[in-house]
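Heads up, the thing below is written out as structure tokens.
The values are calculated or read from the model by the stated rules, or taken from the named source; none is laboratory data. Keep in mind it's a predicted model, so treat the numbers as computed, not measured. When we count neighbours, we look across all protein chains shown, and the Cβ atoms used for this are built from the backbone with ideal geometry, even at glycine.
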2 protein chains.
Amino acid sequence: MKRTTIKDLARQFGVNPSTISRALNNHPDVGEDLKNRVQTLANQLGYRPNRLAASFRNRRSRLIGLIVPQVNMFFFPSIIKGVEDIARAKGYSLIVLHSSDSLEREIENVQICFENNIDGLLVALTRETQNLEHFDLLREAETPIVFFDKILEDPNQQAVVIDDFEAAATLAQTFRETGCKRIAGVLGDPNLNITQKRRSGFEYALRDYPAELRFVNADSAAQSRVKMQELLASGFAPDGLFTMSDETLLGAVAAIEGNENGLPKCHIACFSDGLLPNYLNVHMTYVQHSGYEIGQTAMALLHEQICRETVLPVSNIVQMPTTLIRI
Amino acid sequence: MKRTTIKDLARQFGVNPSTISRALNNHPDVGEDLKNRVQTLANQLGYRPNRLAASFRNRRSRLIGLIVPQVNMFFFPSIIKGVEDIARAKGYSLIVLHSSDSLEREIENVQICFENNIDGLLVALTRETQNLEHFDLLREAETPIVFFDKILEDPNQQAVVIDDFEAAATLAQTFRETGCKRIAGVLGDPNLNITQKRRSGFEYALRDYPAELRFVNADSAAQSRVKMQELLASGFAPDGLFTMSDETLLGAVAAIEGNENGLPKCHIACFSDGLLPNYLNVHMTYVQHSGYEIGQTAMALLHEQICRETVLPVSNIVQMPTTLIRI
DNA sequence: AACGATTGCGCAAACGGTTGCGGGTAGAGC
DNA sequence: GCTCTACCCGCAACCGTTTGCGCAATCGTT
């Protein structure tokens, strides 16, 4: 069965397709009577507009691109939920692409987005990304872009992040308060902007505090566990643990709890989306930065840009508020 | 800056747009010389085809719809990764929609997919879904659909699942072997097909085994934890735990480990995507059903249907193999 | 040299919906 | 009876790409 088109409806009523189009779009140039009859028949026949045709004509696809470096367990699901909820409310659909932590694939993804004529793009960068040249394609097409979470310093960008430096510093303070002397920190990839900011915020807050800091880098729960096991095996017995993400938290806690030599009470402070900490049965302090809210905010910001129909030449970095939670 | 189109290229070479189109698509009707010159200039100018136009003309959008009941932590990320990897390899992009466990929203999602002229659809149903009528829209348009994980019994459907009955029975056996007498089972929503199958497989395998079975239903980690806490508070002290998903596993284990009265050694058997069990620092047996592979298989199956260009009137339920793992 | 086959390109329509413009009709006002 | 206006609707172009068909030029064959 073919799908019913505007032309089909036009034939039914013996009018011009343009009139049907206007009737369906509630254009004032169509008589009330005809308008009603058209709309009811359209419903009966289950008429659904062909967005492809409309998009093509209007040069608006009503499609949003979402590019993430990887599909992880904790942050990504929250993000996609937040983005999709807002996008749907505004009448947009989501094309989701992941870069597998590869710049090459990120570039591919941008091209895919361009070819699909997306109306706007949301991006979290890979750890390999050093500049934003590959987005020029979209910028020249005046397609608004909002970066979030994993971003680069760059003029004239729209972005949604948290105050990583400040949050890390706040977490660092808790180690001072609890009197920790040997702190293990599991950070993300050292190339990442957020890793650098969180580390420097952490170190800055403890710059005059006499504790031994040992940092390791890990991108996944598995890596975090291994790195932590190595650290423990090396004889370092931390009384404090700092992690930068839920993934690394999971791995590090597993390593510590699985440690055969046992371990004295260990104070934990971390960044988290808020779910995992409640299931680990250990006390900890965490900065909750909600992926859901970041996703919502980023999408809302993007939508503003789209409606404005002109890319702002100003930089706008939205810093989301975070909450410090003790459990 | 406007994007370069085929017409721009045609003007440059003083030829007809159709010739440019053929040159770019390596059509034999274009001379080698011209073909090369066109392709090199197209690269230089960074020409990217406007898929919207091509899709419109060809009635193929190269878009795949992916509808999931909810965006959870463990299963969904694996699924989307598997689907996207295959889809990308075949030249398709993904529109991701979640139904928030609501039939109404699922119906909306199907309509969105239809309007976007998707070439194929992958669906895991909500717990509210009782029939597949709302997919008729797409079926009439001859759009292939592949159901996965959460499906309904229905003739003439393509689906990818696991043998839930058998797998649950296998897990049940482990309780018999370890001699458990009081088994707590945390299952998903009772309306779900997989819940019913897994429960009946479980009960069947233990039909002649003298153990006390207590089942509770939970959709999330939080619910699972609460239900398990209630069960423990009621005086039931399980020596065996059976869960149906990673989410429920996480909640149930947290409840047991957080139990103030302590608990004797508890044998755990569950369904899992394979990641979480390694981080809980408890021994268990689990049936690994890889969301990644299910996603890949479902997408590959869908691609076959798309290429066949005619919807098969036969039912084809692919049962993925599972692995029993003890840790 | 005459003829058929092949090569290489142009022409134009089509996909479905949108929109500026124009025009016909009916009613109101003088 | 005339003009003016408001109301409704048709006409046709357009968005970028694809493709069947046609045709001229070239090539190969007898």
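Of the numbered criteria (1) surrounded by fewer than 22 Cβ atoms within 10 Å (Cβ to Cβ); (2) at pLDDT 90 or above; (3) in contact with a helix residue (DSSP H, G or I) (Cβ under 8 Å, 6 or more places away or on another chain); (4) not aliphatic (A, V, I, L, M), the one A:Arg225 fails is (1). Determine whether A:Glu108 is more than 17 Å from A:Tyr292 (Cα to Cα), over 17 Å from the mean Cα position of the chain (by Cα) and free of Cβ contacts under 8 Å to residues at least 60 places away in the same chain. Against the criterion (more than 17 Å from A:Tyr292 (Cα to Cα), over 17 Å from the mean Cα position of the chain (by Cα) and free of Cβ contacts under 8 Å to residues at least 60 places away in the same chain), A:Glu108 qualifies. Against the condition modelled with pLDDT of 90 or more, within 14 Å of DNA strand C (Cβ to nearest atom) and in contact with a helix residue (DSSP H, G or I) (Cβ under 8 Å, 6 or more places away or on another chain), how does A:Pro17 come out, does it pass? Yes: the conditions hold for A:Pro17. Just a yes or no: is a residue in region B:295-318 small (Gly, Ala, Ser), touching a strand residue (DSSP E or B) at 6+ places or on another chain (Cβ under 6 Å), modelled with pLDDT of 90 or more and outside the structural domain of B:Ile151 (by TED's automatic domain parsing)? Checked against the condition, which is being small (Gly, Ala, Ser), touching a strand residue (DSSP E or B) at 6+ places or on another chain (Cβ under 6 Å), modelled with pLDDT of 90 or more and outside the structural domain of B:Ile151 (by TED's automatic domain parsing), region B:295-318 yields no hits at all.
Per this entry, A:Asp239 is not counted among residues that are in contact (Cβ under 8 Å) with a residue 12 or more places away in the chain, closer than 20 Å to A:Thr195 by Cβ and assigned by TED's automatic domain parsing to the domain that holds A:Ala184.
Say we look at region A:48-59 and pick out the residues that are among the charged types (D, E, K, R) and near DNA strand C (Cβ under 9 Å from one of its atoms); which of these is surrounded by the most Cβ atoms within 10 Å (Cβ to Cβ)? Only one residue tops the list, namely A:Arg51.
Within region B:1-14, the residues that satisfy the criterion of being away from DNA strand D (no atom under 11 Å from the Cβ) and among the hydrophobic types (A, V, I, L, M, F, W, C) are B:Met1, B:Phe13. In this structure, does B:Gly65 turn out to be touching a Cys at 6+ places or on another chain (Cβ under 8 Å) and either more than 9 Å from chain A (Cβ to nearest Cβ) or buried (at least 24 other Cβ atoms within 10 Å of the Cβ) (or both)? Answer is yes for this residue.
Tell me whether region B:27-48 contains one or more residues that are at the interface with chain A (Cβ under 10 Å from one of its Cβ atoms) and within 8 Å of DNA strand D (Cβ to nearest atom). Scanning region B:27-48, I find at least one residue that is at the interface with chain A (Cβ under 10 Å from one of its Cβ atoms) and within 8 Å of DNA strand D (Cβ to nearest atom), so the answer is yes. Total residues in region A:178-188 satisfying the condition of being surrounded by fewer than 20 Cβ atoms within 10 Å (Cβ to Cβ) and in contact (Cβ under 8 Å) with a residue 60 or more places away in the chain: the figure is 1.
Listed conditions (1) under 30 Å from B:Gly274 (Cβ atoms); (2) of a type in the set (D, E, K, R); (3) within 11 Å of another protein chain (Cβ to nearest Cβ) are all met by A:Lys150, apart from (3). A:Glu153 meets all of the listed conditions (1) in contact with a helix residue (DSSP H, G or I) (Cβ under 8 Å, 6 or more places away or on another chain); (2) surrounded by 17 or more Cβ atoms within 10 Å (Cβ to Cβ) but one, namely (2). Restricting the first member to region A:75-95 and to residues that are more than 9 Å from every other protein chain (Cβ to nearest Cβ), and the second to residues that are among the small types (Gly, Ala, Ser), the beta-carbon pairs closer than 6 Å and six or more apart or on different chains are A:Phe75/A:Gly291; A:Ile79/A:Gly291; A:Ile79/A:Gly295; A:Gly82/A:Gly295; A:Val83/A:Gly295; A:Ile86/A:Ala300.
Residues of region B:234-279 being within 12 Å of chain A (Cβ to nearest Cβ), among the small types (Gly, Ala, Ser) and in a loop (DSSP other than H, G, I, E, B), which ones? Correct list: B:Gly258, B:Gly274. Remark: pairs (first residue in region B:127-156, over 23 Å from B:Asn117 (Cα atoms) and modelled with pLDDT of 90 or more; second residue exposed (fewer than 13 other Cβ atoms within 10 Å of the Cβ) and of a type in the set (S, T, N, Q); Cβ separation under 8 Å; 6+ apart in sequence or on different chains) = B:Leu152/B:Gln130; B:Leu152/B:Asn131.
Exactly one residue out of A:Pro28, A:Pro69 is under 21 Å from B:Pro77 (Cα atoms) and more than 8 Å from DNA strand C (Cβ to nearest atom): that is A:Pro69. Scanning region A:191-222 for residues being closer than 24 Å to A:Asp101 by Cβ, touching a helix residue (DSSP H, G or I) at 6+ places or on another chain (Cβ under 7 Å) and surrounded by fewer than 16 Cβ atoms within 10 Å (Cβ to Cβ) gives a total of 1. Listed by first and then second residue, the pairs with beta-carbon distance under 6 Å, at least 6 apart or on different chains, first residue in region A:18-36 and in the same structural domain as A:Thr4 (by TED's automatic domain parsing), second near DNA strand D (Cβ under 6 Å from one of its atoms) and assigned to a loop (DSSP other than H, G, I, E, B), are A:Arg22/A:Asp29; A:Arg22/A:Val30; A:Ala23/A:Val30.
Of all the listed residues (B:Thr178, B:Thr174), the sole one being touching a Leu at 6+ places or on another chain (Cβ under 9 Å), closer than 22 Å to B:Leu241 by Cβ and among the hydroxyl-bearing types (Ser, Thr, Tyr) is B:Thr174.
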